[in-house]
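These notes concern the structure reproduced below.
The values are calculated or read from the model by the stated rules, or taken from the named source; none is laboratory data. Quick caveat: nothing in here was measured; it's all calculated off a predicted structure. No Cβ is skipped: glycine too gets one built from the backbone with ideal geometry, and neighbour counts run over all protein chains shown.
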Amino acid sequence: MKIKAAVTYSKGAPFQIEEVELAAPKADELLVKIVACGVCHTDEAAQFQAIPVPLPAVLGHEGSGIVEAVGEAVKGFKVGDKVGISFGFCGTCHNCMTAHQHACENFNAINFGGVQPDGTTRLSTLDGKPLATFFGQSSFATYAVVNESSAVKVEYDDIDLALVGPMGCGIQTGAGAVLNRLRPEFGSSLAVFGCGTVGMSAIMAAKIAGCAQIIAVGGNPASLELAKELGATHTVNRKEVEDVVAEVKKISNGGVNYSIDTTGVGECVRKSLAFCRFNGTCCVLGATGDITFNVQEELMGEAKSLIGVVEGDAIPKVFIPQLLDYYRRGQFPFDRLVKFYPFSEINKAFEESHAGVCIKAILKMDE
């Protein structure tokens, strides 16, 4: 079938919205009419080839929509179901079989290799040239074919379906790092470096977890103010403080129990690790390059842990409904991060996200 999609043809090139061909779903797949899709830094990383995704490609990996067709082997979904879409995984490796799909041994091949879990793509140009798939969904499009294992049913009629897409990556990454991986003790302290979607989600989750001190570190005054409204007990503007580490340690009386870095900047990761007191844990959520640090002085000598977390250690079919329930109860107001854009303004959405004009941009496909 012919659909509209935003195609990335070369490194750093603007997105081009055009007609492409989408193949029918296979036995274990769904055809989803995409209602909306979040704009994520990971899409930009692929666009500029910091993550070497094959090009040309249709990016987009925070889609939500309505099921329009199901493959013959699909049992958990029917036409008309509302769904959010998360990452792809093989389902057969050791980690998948032990409920650690976020650490699927084939994660990179499936999500960044340009193909669906079965090794093929469903997308092509009108003249038959293949287009790479992204995260097993390619949701910068009006329709997507996804494996049923990556779809999460949205049971609530009182939640705007357009909000649900970012749950599939950025929001579950930040919230899951706290609730699934760190699991902070009640009354403990936590610092978050970076007040974008991932950082704000971590802050809201830390409030749910009962952290006594939640320190937001960033450089945008408006974002820091919002962080306080969402749960941060203290804020530190990195642009106004001479020594960010000293300031965090002063606020936390010597260092926090846990820290999270969402920036993807090596020096910020070092500082996030330095935020921690003895026996503290620093969690890295951003795609980060090389870092040089003294293991004895900065890590082992103070019995600290430095860990990387992918997709919030989440099982999306379990965790996303939990977050939606928190949202309905007013405990996880992630809608306050959102600004909507029509699909035709995808390049503007990326520009304004990058410039800090909005925290979480979401594209609406019918606008």
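What the table below lists for this structure:
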{"read-out": "Residue check, P56 in contact (Cβ under 8 Å) with a residue 60 or more places away in the chain and either of a type in the set (G, A, S) or surrounded by fewer than 18 Cβ atoms within 10 Å (Cβ to Cβ) (or both)", "value": "no"}
{"read-out": "Residue check, V265 among the hydrophobic types (A, V, I, L, M, F, W, C) and surrounded by fewer than 18 Cβ atoms within 10 Å (Cβ to Cβ)", "value": "yes"}
{"read-out": "Of all residues making up the range 121-165, the number that are closer than 22 Å to A73 by Cβ and of a type outside the set (A, V, I, L, M, F, W, C)", "value": "12"}
{"read-out": "Where a residue in the range 287-301 is under 18 Å from S259 (Cβ atoms) and its partner, wherever it lies, is among the basic types (K, R), with Cβ under 8 Å and at least six apart", "value": "I291/R270; F293/R270; E298/R270; E298/K304"}
{"read-out": "Some residue of the range 316-328 being in the same structural domain as G194 (by TED's automatic domain parsing), within 21 Å of V198 (Cβ to Cβ) and out of contact with any Asp or Glu (no Cβ under 7 Å at 6 or more places or on another chain)", "value": "no"}
{"read-out": "Hits in the range 296-318 (condition: over 30 Å from S150 (Cβ atoms) and of a type in the set (A, V, I, L, M, F, W, C))", "value": "L299, M300, A303"}
{"read-out": "Long-range neighbours under 8 Å by Cβ, at least six apart or interchain, first residue on the phi > 0 side of the Ramachandran plot within the range 237-263, second aromatic (F, W, Y) and surrounded by 19 or more Cβ atoms within 10 Å (Cβ to Cβ)", "value": "G255/F275"}
{"read-out": "Meets criteria (within 19 Å of L323 (Cα to Cα) and either assigned to a loop (DSSP other than H, G, I, E, B) or among the small types (G, A, S) (or both)) for A144", "value": "no"}
{"read-out": "Count of residues meeting criterion [surrounded by 13 or more Cβ atoms within 10 Å (Cβ to Cβ), among the charged types (D, E, K, R) and in contact (Cβ under 8 Å) with a residue 12 or more places away in the chain] in the range 316-334", "value": "1"}
{"read-out": "The one condition in (1) over 20 Å from F332 (Cβ atoms); (2) under 21 Å from the mean Cα position of the chain (by Cα); (3) of a type outside the set (V, I, T) that A222 fails to fulfil", "value": "(2)"}
{"read-out": "Single condition A162 does not satisfy, out of (1) assigned to a loop (DSSP other than H, G, I, E, B); (2) surrounded by fewer than 24 Cβ atoms within 10 Å (Cβ to Cβ); (3) not assigned by TED's automatic domain parsing to the domain that holds A205", "value": "(1)"}
{"read-out": "Among the residues listed as V318, V269, the single one being farther than 16 Å from H41 by Cβ, assigned to a helix (DSSP H, G or I) and modelled with pLDDT of 95 or more", "value": "V318"}
{"read-out": "Every residue from the range 9-41 that is within 16 Å of S353 (Cβ to Cβ) and surrounded by 23 or more Cβ atoms within 10 Å (Cβ to Cβ)", "value": "A36, C37, G38, V39, C40"}
{"read-out": "Residues of the range 286-308 classified as crowded, with 19+ Cβ neighbours inside 10 Å and at pLDDT 95 or above, total", "value": "2"}
{"read-out": "Members of the range 74-125 found to be over 20 Å from G176 (Cα atoms), outside any loop (DSSP other than H, G, I, E, B) and of a type in the set (F, W, Y), listed by number", "value": "F112"}
{"read-out": "Positions within the range 143-178 being more than 15 Å from the chain's Cα centre (by Cα) and either among the aromatic types (F, W, Y) or closer than 16 Å to A209 by Cα (or both), in sequence order", "value": "Y143, Y156"}
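Rundown of residues vs (1) among the aliphatic types (A, V, I, L, M); (2) under 21 Å from P166 (Cα atoms); (3) assigned by TED's automatic domain parsing to the domain that holds V83, yes/no style:
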| residue | (1), (2), (3) |
| --- | --- |
| E19 | no, no, yes |
| A23 | yes, no, yes |
| A27 | yes, no, yes |
| I34 | yes, yes, yes |
| C40 | no, yes, yes |
| D43 | no, yes, yes |
| P54 | no, no, yes |
